[in-house]
1. Could you tell me which residue of region 141-155 is farthest from V190 (Cα to Cα), considering only residues that are assigned to a loop (DSSP other than H, G, I, E, B) and hydrophobic (A, V, I, L, M, F, W, C)?
2. Have a look at V179, V190 and point out the one that is surrounded by 15 or more Cβ atoms within 10 Å (Cβ to Cβ) and either part of a strand (DSSP E or B) or hydrophobic (A, V, I, L, M, F, W, C) (or both).
3. If you take the residues of region 50-103 that are of a type in the set (D, E) and over 16 Å from V190 (Cα atoms), which of them is surrounded by the most Cβ atoms within 10 Å (Cβ to Cβ)?
4. It is to be established whether one or more residues within region 133-153 are modelled with pLDDT under 95, surrounded by fewer than 18 Cβ atoms within 10 Å (Cβ to Cβ) and either closer than 19 Å to L100 by Cα or not assigned by TED's automatic domain parsing to the domain that holds D75 (or both).
5. Applying the selection to region 52-105, what residues are of a type outside the set (A, V, I, L, M, F, W, C), part of a loop (DSSP other than H, G, I, E, B) and free of Cβ contacts under 8 Å to residues at least 24 places away in the same chain?
6. Determine which member of the set P116, P160 is in a loop (DSSP other than H, G, I, E, B), buried (at least 19 other Cβ atoms within 10 Å of the Cβ) and in the same structural domain as S77 (by TED's automatic domain parsing).
Amino acid sequence: MTAKQGLAFQKAFGTRALKIPAVAFLFSLGDILKYPPSSDFDMILTKPAILREIKHKRVKVTPFDKRVIGPASIDLSLGDKLRVFTNPTIIKIVETSDGLHHTKLISINKGYALQPGELVLGITKETLKLPDDICGFIHSRSRFARLGLMTHITAPFLQPGINNKQTLEIYNASKNVLVLKPGVKICAVVLCRTDGSAHYQGKYKRQAQP
């Protein structure tokens, strides 16, 4: 990088250059300067940013307890309903496939004994609302992952603009029986700011049960 290019880079990004993903450097400097990040390029939201978004009512967690906000995530708890799979059968994986046809809804107010190798569909107790410029990812909590509990095995992406409860694909990867209890903080959501705005209008936009 020449001195002239360095000055142009600094002018374009300033101290925010430190926040450019490493993948950006796979491109030429010309490409980077041609497509600079937006001025609000913040990537993952940390606790102060999450609380600020909640204060301004752009992010909503209902019901809300400030103690669920971690250094860079929001803990969500397990609701009192699960979908358990009925008799094993052959399921065709096509666009019209739907887990509702192969599961039954049950209450777990007294807990549910998740068997080794068993998959169930849970739901978060909280409703999460995101603005059109913030998306998210659901992750298992480390303390439960160490016991072999995968609280969300696939499809972790939360679209911008959602306003619903989150279905959890819960799997027991251990050799032990793991008892699920409603109200336990079972997963964590990481929020990210998007480049541009979008609003989810899909099938599960009003999701309230697993």
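The values are calculated or read from the model by the stated rules, or taken from the named source; none is laboratory data. Since this is a predicted model, take the numbers as computed values, not measurements. Cβ placement follows ideal geometry from the backbone for every residue including glycine, while neighbour counts extend to all protein chains displayed.
1. Out of the qualifying residues, it is L147.
2. It is V190.
3. Among them, the one singled out is D80.
4. yes
5. Step one: filter region 52-105 for residues of a type outside the set (A, V, I, L, M, F, W, C), giving 52-53, 55-58, 60, 62-63, 65-67, 70-71, 73, 75, 77, 79-81, 83, 86-89, 92, 95-99, 101-104.
With part of a loop (DSSP other than H, G, I, E, B) added as a condition, the list becomes 56-58, 63, 65, 70-71, 73, 79-80, 86-89, 92, 95-98.
Of everything in region 52-105, those that are of a type outside the set (A, V, I, L, M, F, W, C), part of a loop (DSSP other than H, G, I, E, B) and free of Cβ contacts under 8 Å to residues at least 24 places away in the same chain turn out to be H56, K57, D65, T86, N87, P88, T89, K92, E95, T96, S97, D98.
6. The conditions single out P160.
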